[in-house]
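To keep things clear, I will list the structure first and then write my remarks on it.
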Amino acid sequence: MNVARDYHDLRHAIRSPVAIPAQLRVPGAARFDVALLDLSATGFRCETFYGLTVGERVFVTIPTFAPFEAVIAWRDVFTYGCAFHQSLHEAVVKVIVSRFAPSAAMR
């Protein structure tokens with residue numbers, strides 16, 4: 001069973017590709033670097049070598065934004081799908097996606 005693939009069917013919002021050098025923090029621990037790969041109003045997908053557990057609460061910090069609370073929804077080796085505790089406003093998603101859209105060279 002591929003949890004990442006199976007979870008994809010449960011998404012409630014369309015995800016947009018992004019290239020965001022962000023930071024993640026688990027309560028009681030220091031921040032660590034992650035790469036956000038896509039984003040929607042309800043969550044994001046990221047990569048990191050830091051070991052996280054499904055169900056774990058995290059805070060993601062995107063440059064120039066306050067941290068957003070989320071929970072690890074699924075994991076596939078070093079790739080994680082996270083669901084925001086509170087959905088982002090569509091205007092916020094549009095600003096983030098436009099600011100951090102992958103360059104043509106990365107596609």
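The values are calculated or read from the model by the stated rules, or taken from the named source; none is laboratory data. Since we're looking at a predicted model, the values are computed, not measured. When we count neighbours, we look across all protein chains shown, and the Cβ atoms used for this are built from the backbone with ideal geometry, even at glycine. We work out accessible area using only protein heavy atoms, side chains counted, and drop any ligands, DNA or RNA first. Shrake-Rupley method; radii C 1.70, N 1.55, O 1.52, S 1.80 Å.
Things worth noting here:
- Selection status of PHE65, among the aromatic types (Phe, Trp, Tyr) and more than 14 Å from ILE96 (Cα to Cα): no
- The set of residues in segment 77-98 being exposed (fewer than 14 other Cβ atoms within 10 Å of the Cβ), touching a residue at least 12 places away in the same chain (Cβ under 8 Å) and outside any loop (DSSP other than H, G, I, E, B) consists of GLU90 alone.
- Any hit, segment 41-58, residues being touching a Cys at 6+ places or on another chain (Cβ under 7 Å) and in contact (Cβ under 8 Å) with a residue 60 or more places away in the chain: no
- Single residue of segment 18-53 satisfying the filter (more than 17 Å from PHE84 (Cα to Cα) and assigned to a strand (DSSP E or B)) that is most open to solvent (accessible area, probe 1.4 Å): ASP33
- Qualifying residue in segment 92-100 (condition: modelled with pLDDT of 95 or more, touching a Ser or Thr at 6+ places or on another chain (Cβ under 8 Å) and under 19 Å from ARG31 (Cβ atoms)): no
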